[in-house]
Structure formats: structure tokens, C-alpha cells
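*Asks:* Dumping the structure here so I can ask a few things about it.
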Protein chains: 2
Amino acid sequence: MSSIDLYLIRHGIAGEHGSYANDDERPLTAEGKQKTRQVAQRLHALTLRFDLILTSPLVRARQTADILLEAMLSQTVQVSSHLAPGGKLEEWLEWLQDGRSPDATTLALVGHEPNLSTWAETLVWGEARGALSLKKAGVIGLALPEQSLVGNSTLFWLTPPRFLR
Amino acid sequence: MSSIDLYLIRHGIAGEHGSYANDDERPLTAEGKQKTRQVAQRLHALTLRFDLILTSPLVRARQTADILLEAMLSQTVQVSSHLAPGGKLEEWLEWLQDGRSPDATTLALVGHEPNLSTWAETLVWGEARGALSLKKAGVIGLALPEQSLVGNSTLFWLTPPRFLR
């Protein structure tokens, strides 16, 4: 497998927990949309482009992925059940190995906490200790090696949205 | 002790290793100064301000600290031997406890690799595995708790200079 640049992007600010009968349908707030657009525009100005954006199926994540698409950060968004809350890193790694187009080497995942920071810690340190702070619309950048990804990836970026204005 | 925001900043691009009889005196190159100034200006625009900048005594670090000072990121620079290559985290933590003015709660350290990323990993995970990529003129942001800093700090920022343009 080729080495991969992986960007983990947390969904933007959404409506309050409990304000929707089905939590999966909570949308981004107006503020959440606006701040996520700022982040997307900054990522574009930094010349980031993704071969593929994978998103959690939940509304607040899909809306975030759509904003990244509108900002021309990628031409392709795919919904992935692995990125729903509680999704397992091992299963996503199987997709990476067997389900991904080999040409897709710069990937963005749009999802939820604590999943994203837990996945990042596991890829980098082999275990998760809750030591990374990933804000809503924040970004983590990981360099994945060609093999033995868990515990051998490198963290090269972690930023809250306030530093992406 | 109060909680502390700690920014670890690696010195900018310096002359080639071996090009100076005394490695401690290698200065920043013209490119190193220019890129470090860009980083400093961006940090200023992000409204970062430091109560104190501590710098390694080596020329390339002191020049980097001076550029941060010129960009109005702080009013005070102190040279600290703990930040020289090979400096021990334990000894710096003693200074933090006993030698620091209690008012100084937002600190920047200017120093060298692998020291800075090793200190960051140790504060965050309790041990270092070389999993953080800190480029020259890159920045790490850590939130230190009030006590038991080692293994209990939080990483909230890690950025290469190319994302601080």
C-alpha cells in the first residue's frame, strides 16, 4: 500500500444535543455553517486538496462534508458507515486496504468525537489516552506509512478552527 | 500552580551543520529569517501573546526568539540553559514550579529538535516515541494542568510553518 496523508475533520457546531428526536438528524447551526465555511476557505488557501472525502452518515457530518466540497477541496464525497459514532478503526483500516481506489492517497474523513481523536492517537501511539483536543471544525493531519499503520503513523498537524481564520 | 498554555517553537532554518566551527553559533539563513518572520506575523494576527519567551542560548534559537519579540508577541525574552540541546524536561519543570513568576501563564519556548517534540510527547503521553513531526519554525501548543503535568497535558495545536502563511 502507498503512504497516505490522512486529514480528520470534526463536524461543525450543530444544534443542541436532545433538541432533535433523532440525534442523527441534528443539523449544523447558522454559526456552525459559517465557521465551517471559514475553515474550508482557509484549507483551500493553504492549497489542500483531497482525492476523496469520506463522511459519517449523520446530518451534521454530511453538511460539513458538503461545505468542504463547495469550497473545492475535493470532487468526491462518499458516505461511510465506519465514520458513524462508535465506528471501529479496524474496520475502516480494512476499507483502506481493500476498498479504497489505490489512486486515492490524500484522504479527508469527516466525523465525530471521541472517534476521530481516538483513531488518531491509536494510529500514532498504538493506544488512546484522550490527550488530543479536537474542536468542532478542527483538523488533524496524519502521515500513514506504507504498512503497520497502527502505532507507526506521524502526527504533523492538529489545529483548532480559531487558528484557521 | 496555575494551569499554563505552553507553546514550543522550533528555531528557523539555519546554516548547514558543519559549516561553523562551533555549532552553537550557526545563524539563521536569509530564508530562515524570512520564513520565521512570516510565522511570527501570523501568530500575531491570530492574537497570540506570550507573557514570557524562553530561548535556548544557541544563536539560531536566540535569533528566532528575537524575531518573535520584534513581531510584538511578547515583551520579554529570557535565555534558558534548559533549552539547549540535551536539556532535561525534569529540570525545566523545576524552573516552572520554582523559578517562574506566577503571573507568567502563557509561555513560549524556543529550542531544538528532538528536545521539543520529546518534551511535548512526555507531557502528553508520559513517554516519547518520536511520533510528532515538528518542522523548523513549527509550533506545538500544550495545555498544562495545575499539577501532575507529565502524562496529563493536552495537545491542542501542532503546525508546520507552511500552514502559518
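The values are calculated or read from the model by the stated rules, or taken from the named source; none is laboratory data. Quick caveat, the model's predicted, so the values are computed rather than measured. Heads up, the Cβs are rebuilt from the backbone with ideal geometry, glycines too, and the neighbour counts pull from every protein chain shown. Please note that ligands, DNA and RNA were not included when accessible areas were found on the heavy atoms of the full protein model with its side chains. Shrake-Rupley method; radii C 1.70, N 1.55, O 1.52, S 1.80 Å.
*Asks:* Label-point separation (nm) for A:Asp98 and A:Val150, each offset 7 Å from Cα along Cα-to-Cβ?
*Replies:* Simple spin-label model gives 1.6 nm for this pair.
*Asks:* With r as the distance between the Cβ atoms of A:Glu25 and A:Ala45 and R0 = 30 Å, compute the FRET efficiency 1/(1 + (r/R0)^6) and round to 0.05.
*Replies:* My answer for the efficiency is 0.40.
*Asks:* Calculate for the protein assembly as shown the 222 nm mean residue ellipticity that helices alone would give, adding -39,500 (n - 2.57) per DSSP H run of length 4 or more and normalising by residue count, nearest 500 deg cm²/dmol.
*Replies:* -9500 deg cm²/dmol
*Asks:* I've got another one for you. Take the alpha-carbon centre of region B:95-165, take the same for region A:87-165, and report the distance between them in whole Å.
*Replies:* 21
*Asks:* Still on this structure, please answer the following. Tally up the carbon and sulfur contribution to the accessible surface of the protein assembly as shown as a whole percent, 1.4 Å probe, everything protein left in place.
*Replies:* Carbon with sulfur: 45 percent of the solvent-accessible area.
*Asks:* Still on this structure, I have one more. From the P(r) of chain A, could you give the percentage of C-alpha pairs in the tail past 25 Å?
*Replies:* Everything past 25 Å amounts to 24 percent.
*Asks:* I've got another one for you. Once the Cα gyration tensor of the protein assembly as shown is diagonalised, what are the square roots of 5 times its eigenvalues, in whole Å and ordered largest first, as equivalent ellipsoid semi-axes?
*Replies:* 36, 21, 20
*Asks:* Let me ask something additional. Under a plain spin-label model, where a point goes 7 Å from the Cα along Cα-to-Cβ, how far apart in nm are A:Val79 and B:Glu127?
*Replies:* A separation of 4.2 nm, rounded to one decimal place.
*Asks:* I've got another one for you. Provide an ascending nm list, one decimal, of label-point separations from A:Thr29 to the equivalent residue in each further copy; define each label point as 7 Å from Cα along Cα→Cβ.
*Replies:* The projected label point of A:Thr29 is separated from its counterparts by 4.8 nm.
*Asks:* Further question: With heavy atoms of protein chains only and a 1.4 Å probe, what residues of region A:141-165 have at least 10 Å² less accessible area in the full set of chains than alone?
*Replies:* Those residues are A:Thr154, A:Leu155, A:Phe156, A:Trp157, A:Leu158, A:Pro160, A:Arg162, A:Phe163, A:Arg165.
*Asks:* Starting from the residue with the highest accessible area, list A:Tyr20, B:Tyr7 in decreasing order, probe 1.4 Å.
*Replies:* Details: A:Tyr20 100, B:Tyr7 10 Å².
Accessible-area ranking of A:Tyr20, B:Tyr7, largest first: A:Tyr20, B:Tyr7.
*Asks:* Going 7 Å from the Cα of A:Thr106 in the Cα-to-Cβ direction, what parts of region A:4-30 have a backbone nitrogen less than 16 Å from that spot?
*Replies:* It comes to A:4-9, nothing else.
*Asks:* Compute the acute angle (0 to 90°) between the alpha-carbon long axis of helix B:89-98 and the principal axis of greatest extent of the alpha-carbon atoms of chain B; round to the nearest 10°.
*Replies:* Around 60 degrees separate the two axes.
*Asks:* In the Gaussian network model of chain B, springs joining C-alpha atoms below 10 Å, which of B:Lys33, B:Lys88, B:Lys135 carries the largest mean-square fluctuation?
*Replies:* So, out of B:Lys33, B:Lys88, B:Lys135, the one fluctuating most is B:Lys88.
*Asks:* Using unit Cβ charges (K, R positive; D, E negative) and no other charged atoms, how large, in debye to the nearest 20, is the dipole of chain A about its Cα centre?
*Replies:* Numbers: 16 positive and 18 negative charges, 170 e Å.
About 820 debye.
*Asks:* Nothing charged except the Cβ atoms of Lys and Arg (+1) and of Asp and Glu (-1): what's the magnitude of the dipole of region B:107-163 about its Cα centre? Round to the nearest 20 debye.
*Replies:* 300
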